[in-house]
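Below is one structure; the comments refer to it alone.
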Amino acid sequence: MSRSSRWYWLGAFALAACPSLALAQGAPAQSHTVREGDTLWDLARQYRGDPFLWPDIYRMNTAVVEDPHWIYPGEVLHLAGGEAVAAVPSTDTPMVPDSAMHAPAAVQEPAAADPADAPASLASLTEQQPSPEDEMAPLFGPRPTDSMQETLRAYTDQPYQPLRRSEFYASGFLTEGERLPFGRVLGPVTPPQIKAMARNASALPHSTIAIEAPRGATYQVGDTLLVTRTGPEVEMFGDVVVPTGMAQVVKTADGKYLARVIAIYGPIRAGQHVLPAEKFTAAGGARAVPLEKGVVARLIGGASRQDLKAPQMVVFLDKGRRDGVAPGDLFEARRSPARLPDGTIRVDEVMATLQIVHVRERSATARVLNVVSPDIAPGTQARQVAKLPM
């Protein structure tokens, strides 16, 4: 029995077993006139059976829909992309005879060529011959050594920056007991007209999230917001504000705001907070100048609360703006000299180098640049050793 015959009898059996199916399906809808409350999400669920297929409908209607996030009553949307293509061929694929599978390929004798054409033909054949470099080219992309060289070049060829924008926004800070104007993330939305998705859903880069401003406050289109979660409280210095990303307000809808995610530092989920992003001022290309007698601070822990420190880990110091600490300053965490109970003497030595990336009135946020001894516990002394020129 041919393949088409088998599918015909299977279809006939299905319709006989469930005659209402044939009546319910009928011919697929070719278009839809938008009504009040319609969204591409709902239309994809209705006509495609899966709301996540809404981009298919949008792509067929780019001449009508300028922004996939918004459709308006009266717009006529096409639902069929042209003449349908059969999923099952009407005829079976012909079988290849066994003799053909084992027979040698036929060799066609070349036609007599004009001698004048010989150099050109030879040149074209030469051009088609693989070069030694092509023959040695790796089958699965560039060699690991090439990729490593490109990665190292990406770091070494960059201009010097004493402080980077991403470090300023991603490192977090301590609230110092201050009541901050926290807005709230309602959740990621796709498209933005529908309600927020599940609470544990994370927003993706360039996706849209719904947010709510704090009571009595408003946001403007174009405002940049820092998306955060709150970490454990640090004694006398308030809660830890841990950034998870940044978003920019793009629209308002029913008293709520829609923002596009422009940076991600961690999972962005419903229930997190938003704050107006502080202004970042680049420090130019000047390098920090050594200091004779700098500020002496104390390490008060980090966002991860780990005693063992590693490069790029975030830590907090108990000195801030009022003490003369500024972004870009360099500190050294030092081991305090002491005689231990077992009789050994602990000498004064550098444990790690820190760079200040964010400053508040009474505290500062630092990134660990390099580590000599990772067992840096809270209370470790940190001394300011260099400062960016004013």
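Every number here is computed from the coordinates shown, using simple stated rules; none is lab data. No experiment lies behind these values; they were computed from the predicted model shown. In this analysis, Cβ positions are derived from the backbone assuming ideal geometry, glycine residues included, and neighbour counts consider all displayed protein chains.
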In the neighbourhood of Lys279 defined by beta carbon distances under 14 Å, the net charge of the other residues (Lys, Arg +1; Asp, Glu -1) is -1
Just add up the charged neighbours of Leu225: K/R +1, D/E -1, any other residue whose Cβ is under 13 Å from the Cβ of Leu225.
-> -1
What order do you get for Met60, Met236, Met390 when you list them from fewest to most C-beta neighbours inside 10 Å?
-> Met390, Met236, Met60
Compare the peptides 35-42, 382-389 by average per-residue count of other Cβ atoms within 10 angstrom and give them in order, highest first.
-> 382-389, 35-42
On a C-alpha basis, how far is the centre of the range 275-300 from the centre of the range 246-267 in Å? Whole number, if you could?
-> 30
Debye calc, one equal point scatterer per Cα of the range 289-387, no solvent, log10 I(q)/I(0) at q = 0.10, 0.13, 0.23 1/Å comes to -0.25, -0.41, -1.17
Once amide hydrogens are built 1.01 Å from N within the peptide plane, the residues lying 5 or more places from Ser207 or on another chain with amide H under 5 Å from its amide H are Val261
So who's got an amide H within less than 5 Å of the one on His358, skipping anything under 5 residues away but keeping other chains? H placed 1.01 Å off N, in plane.
-> Thr365
When Val274, Val221 are ranked with the fewest other C-beta atoms within 10 Å first, the list becomes Val221, Val274
Could you state, as a whole-number percent, how many of the C-alpha pairs of the range 225-338 are farther apart than 17 Å?
-> 69
Computed log₁₀ I(q)/I(0) - Debye formula, equal Cα scatterers, no solvent, the range 167-276, q 0.15, 0.19, 0.22, 0.23 Å⁻¹ | -0.58, -0.91, -1.18, -1.27
